[in-house]
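The values are calculated or read from the model by the stated rules, or taken from the named source; none is laboratory data. Remember, predicted model here, so these are calculated numbers, not experimental data. Glycine also receives a Cβ, built like all others from the backbone with ideal geometry; neighbour counts cover every protein chain displayed. Surface accessibility is based on the protein's heavy atoms, side chains included, excluding ligands, DNA and RNA. Shrake-Rupley method; radii C 1.70, N 1.55, O 1.52, S 1.80 Å.
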Amino acid sequence: GIQVEQSPPDLILQEGANSTLRCNFSDSVNNLQWFHQNPWGQLINLFYIPSGTKQNGRLSATTVATERYSLLYISSSQTTDSGVYFCAVVSPFNNNDMRFGAGTRLTVKP
Amino acid sequence: DTAVSQTPKYLVTQMGNDKSIKCEQNLGHDTMYWYKQDSKKFLKIMFSYNNKELIINETVPNRFSPKSPDKAHLNLHINSLELGDSAVYFCASSTGTALGEKLFFGSGTQLSVL
């Protein structure tokens, strides 16, 4: 099956810093989403982005499908950005199976 | 007005017991899922149902049995609970087999088997 690798596994930032999280995937995909799991365990959908670039406030994401990677940018980080960020993909051969990466654990210090 | 709701939020039980987790979505989605998140936060799909029909059944012990009475509900029943079943279980839904649909998660059920 399709493999999803995220980097870095852990990231510690000072409040106000910018960061880039990366997601590599092993095969073509027709669906890629970024999720944030907050410290209370809730999983929130940030972006649906199988290709191209999207922005939502301080967050933006870019997927280059031909090169099999996606990037999540966090600018001017805040302590509330802390948590685990997951990338998840869907293979065109199995539309109902969304595979998750292992996540990047982000800690933003005040 | 919760979109995907699952109950209970916490479940503490003894080894060998049978327990169920309920999930309901009011989004009108056709596809529902169960994911298991282990202690290292790794999320792995267990089951996927599309319009009450099982689509995916990953390598999950047959002690786990999903039940979908209608497309808005997907319950998870677990027989003979084992210590290794301790994890957080997430229910999720999406609009179905259409490409590029967003996945919405419930708030999770933390299962602790003692």
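Every listed requirement among (1) of a type outside the set (S, T, N, Q); (2) within 14 Å of another protein chain (Cβ to nearest Cβ); (3) closer than 22 Å to A:Ser26 by Cα is met by A:Glu67 save one, (2). A:Tyr73 passes every criterion in (1) open to solvent by 70 Å² or more (accessible area, probe 1.4 Å); (2) farther than 23 Å from B:Val88 by Cβ; (3) without any contact (Cβ under 8 Å) to a residue 12 or more places away in the chain apart from (3). Among the residues of region B:8-60, those that are within 15 Å of B:Asn75 (Cα to Cα), open to solvent by 80 Å² or more (accessible area, probe 1.4 Å) and not basic (Lys, Arg) comprise B:Asp18, B:Glu24, B:Asn26, B:Asn51, B:Glu53, B:Asn57.
Among (1) open to solvent by 30 Å² or more (accessible area, probe 1.4 Å); (2) touching a helix residue (DSSP H, G or I) at 6+ places or on another chain (Cβ under 8 Å); (3) at pLDDT below 90, which single condition is A:Pro39 missing? Going through (1) open to solvent by 30 Å² or more (accessible area, probe 1.4 Å); (2) touching a helix residue (DSSP H, G or I) at 6+ places or on another chain (Cβ under 8 Å); (3) at pLDDT below 90 one by one, A:Pro39 breaks only (2). Of all residues in region B:10-29, those satisfying the criterion of being touching a residue at least 60 places away in the same chain (Cβ under 8 Å), of a type outside the set (Phe, Trp, Tyr) and not in a loop (DSSP other than H, G, I, E, B) are B:Leu11, B:Val12, B:Thr13, B:Lys19, B:Ile21, B:Cys23, B:Gln25. Among the strands (runs of 3 or more DSSP E) confined to region A:28-110, the ones with at least 2 residues that are β-branched (Val, Ile, Thr) are located at A:59-64, A:83-90, A:104-109. The set of residues in region B:61-87 that are surrounded by 20 or more Cβ atoms within 10 Å (Cβ to Cβ) and either closer than 24 Å to A:His36 by Cβ or in contact with a Pro (Cβ under 8 Å, 6 or more places away or on another chain) (or both) comprises B:Leu74, B:Leu76.
Could you look through region B:88-97, keep only residues that are touching a His at 6+ places or on another chain (Cβ under 7 Å) and closer than 15 Å to B:Cys23 by Cβ, and pick out the one that is surrounded by the most Cβ atoms within 10 Å (Cβ to Cβ)? Only one residue fits best here, namely B:Ser93. When the residues of region A:79-110 are filtered to those that are away from every other protein chain (no Cβ under 14 Å) and touching a strand residue (DSSP E or B) at 6+ places or on another chain (Cβ under 6 Å), which remaining residue is most open to solvent (accessible area, probe 1.4 Å)? The qualifying residue most open to solvent (accessible area, probe 1.4 Å) is A:Lys109. Just one residue in the set B:Tyr10, B:Tyr49 is within 10 Å of another protein chain (Cβ to nearest Cβ) and under 24 Å from A:Gln37 (Cα atoms); that residue is B:Tyr49.
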